[in-house]
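Asker: Shown below is the structure under consideration.
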Amino acid sequence: MKLADLDVIVTAPPAPGWGGRYWIIPKVTTDTGVVGYGECYASSVGPEAMKAVITDVFSRHMAGENPENIELMFRRVYSAGFTQRPDLTVIGAWSGLEMACWDILGKDRDRPVHALIGGRMNDRIRAYTYLYPRPDHPLPEFWSSPAMAAEAAFDMVEKGYTAVKFDPAGPYTIRGGHMPSMYDISLSVAFCKAIREAVGDRADLLFGTHGQFSTGGAIRLAKAIEPYSPLWYEEPVPPDNINQMARVAGATSIPVATGERLTTKAEFAPVLRAGAASILQPALGRAGGIWETKKIAAMAEVYNAQIAPHLYAGPVVWAANIQLGASIPNILMAETIETPFHNDLIKGSLRVEDGYIPVPTAPGLGIDFDEDLARAHPYDGDGLHLQMQEDPIGYHGVNNFGGGAPVKR
């Protein structure tokens, strides 16, 4: 069996667009007719340019190869052009293609992917969700309303979730880490207080930031929210400032989490060595795929760190996250995004039940991908999957953050 054909599908989730502006789905077919799907979470270039990168990586390093030879193909990609270092875009392309290879192998052997990478360690994976607005919550007011966030949190806990994530501390920008305004610190405290009062001890609070703070600013904010015992403090400083993240980790009782913007074990290993985080959040469509992230999880074991796969993408990445999580002993939880489009794109083949994701037993990634639905929602915009604010934050009021991709009007 050899890898023969590639098609790249770019699909845009309908409004409100949770999960980003578009999702890039490589479809790989073998010479024996087995089809595998993956998802590339790489957004530093637009989707048309990314399609060209995916096509180049496939034709140059993978076409005609046995899909079993994951390690060989990874080393070709990692070494391409005399590099042998992490390249966010190239490894992002590889990550989705690698998922498709595992999907093919599982289908060919009539086994789920986790059975091929160490077997089943976990029958279900604890789920967490970002706090998204109810249908009756107005936007953009929701993003700066502790009361509405508390209502959304209560709803999620009633559904069975035991962890909820929110990020009220203002937007990320193209600038370096900034000092939070007192308005943003006060609002962050108000969010933590309102959500903790709403959920009590039924759920963990996951405090999200996006690497937007200076070291001193991150420590100030951490001290302000510590009384509410968040389970984690996500990416408090820019992700490449590992030593400064370690300073933050050493200054707060809140566990630090990071990793959604890192790729390959080469970028995760220094985080562990420095003690910068005890929770790693690899995005499998960017980190190097399933096998590379399995190695990252093994490194984390040595440092007594846990894995919480990140998801701001489509359901194929979610499926890969669950296959990985089923096979490792140090899974903490996995992010979920429950929208009708996520569900319909995989025909309901993954779900959250009382706060946990049952590990599927179907072959490959365990999903039934609706290719026709994906093609029926092409992306026609010119923005990137996610974009950062250019303007600096202000200090005369709350700095509103719109929860990722803007709502489509």
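Each reported figure results from applying straightforward, stated rules to the coordinates on display, with no laboratory input. Just so it is clear, the model here is predicted, and its values are computed rather than measured. Every residue, glycine among them, receives a Cβ derived from its backbone with ideal geometry; neighbour counts consider all protein chains shown.
Asker: Placing unit charges on C-beta atoms (Lys and Arg positive, Asp and Glu negative, everything else neutral), compute the dipole magnitude of segment 262-409 about its Cα centre in debye, rounded to 20.
Answerer: Its charge dipole is roughly 440 debye.
Asker: Quick check: the distance between the Cα centres of segment 174-204 and segment 243-275, to the nearest angstrom?
Answerer: Their Cα centres are 21 Å away from one another.
Asker: Taking other Cβ within 10 Å of each residue's Cβ, how do GLU197, GLU234 sort, fewest first?
Answerer: GLU197, GLU234
Asker: Still on this structure: Pairs of alpha-carbon atoms within less than 8 angstrom and 6+ residues apart define the contacts here; what relative contact order does the chain have, in percent?
Answerer: 24 percent
Asker: What is the ratio of the Cα radius of gyration of segment 204-361 to 2.2 N^0.38 Å, where N is its residue count, to two decimals?
Answerer: 1.04
Asker: Next question. Taking the chain, how much of its Cα-Cα pair set, in percent, is spaced more than 37 angstrom apart?
Answerer: 17 percent
Asker: Give the separation of the Cα centroids, segment 60-79 to segment 307-332, in Å.
Answerer: Comparing the Cα centres of segment 60-79 and segment 307-332, I get a distance of 23 Å.
Asker: Given Cβ point charges of +1 (Lys, Arg) and -1 (Asp, Glu) and nothing else, what value in debye, to the nearest 20, does the dipole of segment 118-363 about its Cα centre take?
Answerer: That gives a dipole near 640 debye.
Asker: Relative contact order for segment 1-93: what percent, with Cα pairs under 8 Å and sequence separation of 6 or more?
Answerer: 29 percent
Asker: State the extension gain, in nm to one decimal, for the chain segment bounded by ARG60 and GLU301, taking 0.36 nm per residue of separation less the distance between their alpha-carbons.
Answerer: 83.3 nm
Asker: With a 10 Å Cβ neighbour count serving as the proxy for reagent exposure, in which order, fewest first, do THR293, THR29, THR209 appear?
Answerer: THR29, THR209, THR293
Asker: Nearest 0.05, what FRET efficiency do ALA52 and ARG109 give at R0 = 30 Å with Cβ-Cβ as r?
Answerer: For ALA52 and ARG109, the calculated efficiency is 0.40.
Asker: Take every Cα pair under 8 Å in segment 308-409 that's 6+ residues apart, average their separations, divide by the length, and report that relative contact order as a whole percent.
Answerer: 22 percent
Asker: Quick check on my link table: of LYS107/LYS165; LYS193/LYS265; LYS165/LYS294, which ones sit more than 29 Å apart, alpha carbon to alpha carbon?
Answerer: LYS107/LYS165; LYS193/LYS265
Asker: Arrange SER44, SER349, SER188 by Cβ neighbour counts within 10 Å, fewest through most, would you?
Answerer: SER44, SER349, SER188
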